[in-house]
Every structure is written in structure tokens, then in C-alpha cells.
Amino acid sequence: MKTASTERSKTLLALTTAGLCLVMAPLKGVAQETGKGDKPAEDGTAKASKLSKSPRVGARYSPSEFLSDLRDTRLSLGQVKQQAVNLFLEATRPELTTEAKLIEHSPQTITAAMYIAGKKYQEPRKEWLVFYINTLEPILQLLNEDLKDAEENGLRLPDGLDKKITPLWKPWKQEVIGINKAMDDLQEQIGQENNNAALAKTALTIFNQVSKLERIRYQAAQVCLTEIARSKSVGKVP
């Protein structure tokens, strides 16, 4: 998984340099004016390489650490979902006329019914696609690092949660692997002609896979909160 993500990044590098220069230039100017640049925070928070902050080797997560990790994952999944929406909207840009009705807000969710076969859509802009994909890549890399960490060191769940949380791991892993596959598909589709339908379908696939991850994450959080409540009821500090 890590190799696939790395190869995608290498392939997109040339396109990124040209496609994002106009987008990043204003940000660079602001950084120079403030004198901060891209220097990491002194507390090291900008150096985190994974979603989860693993406990010391051989130790289990505490319930609070586990819940904190699940919260961070929710934020990251939300970002992946937003980029899937952006990709879908780029693939379904209609040719507008002066009589077209303005859209007040961009949609927060996408469905298969929103792509109309046979409708005339504008050609997706390559630089926009590259921007969205490269925004996805580092977040997906964090999910992949979490998979790797779990495979090498185990889940290290809080006491009492193994039997209830472990069954959720398999579908979680499957969906993350599925997103990796969809990202590979996106890379191939960027340079193809008449790629609106393919891009929209792949973006929708990612959106739906993330939706499944969100449900798994919520289920894990509920299990953890229930166990905390049970422990408190019997006088055991979780």
C-alpha cells in the first residue's frame, strides 16, 4: 500500500509542479510576509506521520487515547470525503448558458443519480484534478501508515475491547485498500479523453468507501464509550 501511494506521488510530481504553481504562489507570499514559512511548530505537532499516536511499545491504548485517535480519524475522513466531492463536481461541470440557475451552495454529498449519462459536461481541468488528488495523497498515506502500524504492532486496544473492536478491523482495512485502488484509477484517468464518466464514478466510489469507514469509526467509538460507562458503574476506573 505504501509503495502504491509512493508511485502515484512520483507519477503526479511533474503535473503538480506546473499545475499548482499559480495556486501556491500567493500562499508562499503570505508565508514570507509573516516570517513563518513552513517551519514546523515547536511542540512537534507538524511532524506527526500517522493519524494515531501509538502508545509506547507493548502498551495498550488508554480509553481516552483511543477516543482521541478516533476523533482525529473522523477529521481526516471528512477531508477525504470533501476531495471526493470536489473531484465529482469537476467531472460534472455543465456547459452553462446565461439563463442557467445559480447554485447557492456546493453539495456536501454525491450520488450516482447526480451524473446524467448523455448530458454535455465540460472537459475536466487537469490542474484541478491534480490538486485534488495531491490533497488526498498525504491523508491516505496516514491511513496506510495506521494499517502498517497495526499489522506490525497489533491493535493494542484498551482492556475489554478486543472482542468487540477487532471484528471491525477487517472491513476497515478492506475499505482503505479499496480507496488506494480508486486512487490508482484516478491517476490513469487524468490524461484520458472523455473521462467525465470514469472520474465521476471513481470519485463516487471513494465517497462511498469513506462513508463506510465513518460508520465503522462511529461504531468503534460507541463500543468504547459503552465500556467506559460499564466500568464506571462497577467502580472500575477505565
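None of the figures in this text is laboratory data; all of them are computed from the coordinates on show. Small disclaimer: the values here were computed from a predicted structure and weren't measured. All Cβ positions, glycine included, derive from the backbone under ideal geometry; neighbour counts span all protein chains shown.
Structure notes:
- Estimated FRET transfer efficiency when R0 is 22 angstrom, pair E123-D72 (beta carbons, to 0.05): 0.05
- Mean Cβ count within 10 Å, highest first, over the residues of peptides 102-108, 225-231, 88-94: 88-94, 225-231, 102-108
- For the pair the stretch 138-200 / the stretch 63-106, the C-alpha centres are spaced 18 Å from each other.
- Lys pairs under 25 Å by Cα in the stretch 147-201, provided they are eight or more residues apart or on distinct chains: 12
- Cα point-scatterer Debye curve for the stretch 75-212, base-10 log of I(q)/I(0) at q = 0.08, 0.21 Å⁻¹: -0.27, -1.27
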